[in-house]
Amino acid sequence: MTIFLDGPGITGAITVGTSPVEAKIGASPLSERKSIILQPLDGDIYWSYDSGVTTSTGHALDEGSLIYIQTGELLPVYLIAASNTDVRISEVA
């Protein structure tokens, strides 16, 4: 299956800490979002589609790594870290 990304896209920064947060820029996900790109800059993070994600249950993303996650505006991605971590995020429609 091919997913065409024809925009728009937005990029920003969020702080991920010891409580799960939704991966989005602003109050709600980008309208018609199809994917997100994540990069933790100063620590490891863990992600999941489950709002109860923990550092034990989430998928690990090491400091400095990039990940492309196929998702939608109605399918949230949640992030957590062992301590406050600066994360760059892009949402693409």
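One table, with the values for the structure above:
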quantity	calculated
Chymotrypsin sites (Phe, Trp or Tyr not before Pro) within the stretch 1-54, DSSP loop, no more than 16 other Cβ atoms inside 10 Å	4, 49
Residues residue 54 and residue 11, FRET efficiency given R0 of 30 Å [Cβ-Cβ distance, rounded to 0.05]	0.65
Projected label distance in nm at residue 19 and residue 65, using a 7 Å step from Cα toward the beta-carbon	2.7
Dipole magnitude (debye, nearest 20) for the chain, charges at Cβ of Lys, Arg, Asp, Glu	160
Isotropic mean projected area of the C-alpha convex hull, the chain (nm²)	5.6
Residue-count net charge about residue 87 - beta-carbon cut-off 11 Å; Lys, Arg +1, Asp, Glu -1	-3
Backbone HN-Hα couplings from phi across the stretch 64-75 [Karplus 6.51/-1.76/1.60, Hz, Gly and Pro as x]	x, 6, 10, 9, 9, 10, 6, 7, x, 5, 9, 10
Under 14 Å from the residue 37 label point (7 Å along Cα→beta-carbon), backbone N, the stretch 59-93	65-70, 88-93
Whole-percent carbon and sulfur share, accessible surface of the chain, 1.4 Å	51
Cut-off under 5 Å, modelled amide H: who pairs with residue 25 long-range	30
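The values are calculated or read from the model by the stated rules, or taken from the named source; none is laboratory data. Quick caveat, the model's predicted, so the values are computed rather than measured. Glycine also receives a Cβ, built like all others from the backbone with ideal geometry; neighbour counts cover every protein chain displayed. We work out accessible area using only protein heavy atoms, side chains counted, and drop any ligands, DNA or RNA first. Shrake-Rupley method; radii C 1.70, N 1.55, O 1.52, S 1.80 Å.
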